[in-house]
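Below: one structure, written as structure tokens.
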Amino acid sequence: MAYIVKPLVTEKVTGLTEKRNTFCFIVRPEANKLQIKQEVEGLYNVKVVNVNTINYAGKNKSRYTKAGLLRGKTNAFKKAYVTLKEGETIDFYSNI
């Protein structure tokens, strides 16, 4: 089952990659650390040392427009910070 939704590439994550060899992924909320570790190792052929997960709750948003007040909610999601063994790396841009 595919637990990884997409890799997250931001300035903060790029800094973590350079300092601590840590990569970030958006994962499905029901995924646990062992499942994430197995999937990363299987997809990218690397050795995972550590996995940290963070749950983000959806937030209520509203804005005023000509049509009146619009209300909505952002999606809830889960992030996984994956630390790799020293010397290993993941190249997200190799398939482009």
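Computed values, structure above
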{"read-out": "Every residue from segment 17-43 that is over 13 Å from residue 88 (Cβ atoms) and either surrounded by 18 or more Cβ atoms within 10 Å (Cβ to Cβ) or of a type in the set (D, E, K, R) (or both)", "value": "18, 19, 24, 25, 27, 28, 30, 31, 33, 36, 37, 39"}
{"read-out": "The one condition in (1) assigned to a strand (DSSP E or B); (2) in contact (Cβ under 8 Å) with a residue 24 or more places away in the chain that residue 86 fails to fulfil", "value": "(1)"}
{"read-out": "Residue 71 vs. criteria touching a residue at least 24 places away in the same chain (Cβ under 8 Å), open to solvent by 40 Å² or more (accessible area, probe 1.4 Å), of a type outside the set (A, V, I, L, M, F, W, C) and in contact with a Ser or Thr (Cβ under 9 Å, 6 or more places away or on another chain)", "value": "no"}
{"read-out": "Number of positions in segment 18-43 that are free of Cβ contacts under 8 Å to residues at least 60 places away in the same chain and in a helix (DSSP H, G or I)", "value": "13"}
{"read-out": "Conditions (1) out of contact with any helix residue (DSSP H, G or I) (no Cβ under 7 Å at 6 or more places or on another chain); (2) at negative phi; (3) polar (S, T, N, Q): number failed by residue 21", "value": "(2)"}
{"read-out": "Hits in segment 44-53 (condition: open to solvent by 60 Å² or more (accessible area, probe 1.4 Å) and either within 15 Å of the chain's Cα centre (by Cα) or touching a residue at least 40 places away in the same chain (Cβ under 8 Å) (or both))", "value": "44, 47, 50, 52"}
{"read-out": "Residue 63 being touching a Leu at 6+ places or on another chain (Cβ under 8 Å), over 19 Å from residue 92 (Cα atoms), part of a strand (DSSP E or B) and open to solvent by 100 Å² or more (accessible area, probe 1.4 Å)", "value": "yes"}
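The values are calculated or read from the model by the stated rules, or taken from the named source; none is laboratory data. Fair warning: this is a prediction, and the values are worked out from it, not measured in the lab. In this analysis, Cβ positions are derived from the backbone assuming ideal geometry, glycine residues included, and neighbour counts consider all displayed protein chains. Quick note on the areas: whole protein, heavy atoms, side chains included, nothing else; ligands and nucleic acids left out. Shrake-Rupley method; radii C 1.70, N 1.55, O 1.52, S 1.80 Å.
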